[in-house]
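Contents: one structure, followed by commentary.
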Amino acid sequence: MSDCIFCKIVEGSIPSSIVFEDDTVYSFLDINPASKGHFLVIPKKHVEDISELGDTEITAIFSAIRKLTKALPDVLGNTGFNILMNYGKDAGQIISHLHFHIIPRKKEDGLGIAGWNHLKFSGDHLNEIAKEIAEAIK
Ligand code: AMP
Ligand code: ZN
C-alpha cells in the first residue's frame, strides 16, 4: 500500500534496523521499543487482517519468530518474551500493516505488559462462551 510506513520499510524507502528477512517475512527493531531488542515481524505483503494470510505465510512468520526468540537470550540476556499483536484500533493498533511485537523480558523489569486484572468467571459461563466460539468457527 503506497502510504504504509511498513510497506516502505520493506521496499527500503524508509530505513529500518533489520534483523531478518526471507521471501515472505521482514523483521526489524521497533523504533520506540518497550525494551532492548523489541522487534516486529511482518509479512512483506500488505495485509491488515490475519485472514488475508495463507498457511504458508503464517508458517513463515512463526518460523521467523521461533528463529529470533531462540537466538535473542544469548545476545541480550533476556529470560522471557511477550509476543503480541495489537489487532484492531480498539486493541491499540496504530499501524494497519499486520505485525507481531516480540518484546524481550527480564525478571522484575517493570514493563507492565500482560499484567491485566483477571476476571472471575464460573466454569458454566466459560463453557457457554467456549461453545459460542466453537460454533462460530464451524
Ligand atoms: P502498533 O500499536 O501495534 O500498531 O505498533 C506499531 C509499532 O510500530 C510501534 O511500537 C512503533 O514504535 C513502531 N514503529 C512505527 N514506525 C516505525 C518505524 N519507522 N520503524 C520501526 N518501528 C516503527
Ligand atoms: Zn503495508
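Each row is one residue, and each column tells you yes or no for (1) under 15 Å from HIS101 (Cβ atoms); (2) hydrophobic (A, V, I, L, M, F, W, C).
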site	(1), (2)
ILE14	no, yes
ASP22	no, no
PHE28	yes, yes
LEU53	no, yes
Of VAL47, VAL25, VAL19, which residue is touching a Phe, Trp or Tyr at 6+ places or on another chain (Cβ under 7 Å), hydrophobic (A, V, I, L, M, F, W, C) and either surrounded by fewer than 13 Cβ atoms within 10 Å (Cβ to Cβ) or farther than 26 Å from GLY115 by Cα (or both)? VAL19
For the subset of region 1-32 comprising residues that are of a type outside the set (A, V, I, L, M, F, W, C), touching a residue at least 12 places away in the same chain (Cβ under 8 Å) and within 10 Å of ligand 1 (Cβ to nearest atom), which member is farthest from LYS106 (Cα to Cα)? SER16
Filter region 88-105 down to the residues that are part of a loop (DSSP other than H, G, I, E, B) and exposed (fewer than 15 other Cβ atoms within 10 Å of the Cβ), then identify the one that is farthest from ligand 2 (Cβ to nearest atom). GLY92
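Take the residues of region 1-26 that are modelled with pLDDT under 95 and either under 23 Å from GLY54 (Cα atoms) or in contact with a Cys (Cβ under 6 Å, 6 or more places away or on another chain) (or both): which is nearest to ligand 2 (Cβ to nearest atom)?
Restricting attention to region 1-26, the residues satisfying the condition of being modelled with pLDDT under 95 are 1-3.
Then keep just the ones that are either under 23 Å from GLY54 (Cα atoms) or in contact with a Cys (Cβ under 6 Å, 6 or more places away or on another chain) (or both); that gives 1-2.
On the way: MET1: 5, SER2: 9 Å.
For region 1-26, the residue satisfying everything is MET1.
The values are calculated or read from the model by the stated rules, or taken from the named source; none is laboratory data. Since we're looking at a predicted model, the values are computed, not measured. Please note: Cβ atoms are built from the backbone with ideal geometry, for glycine as well, and neighbour counts cover all protein chains shown.
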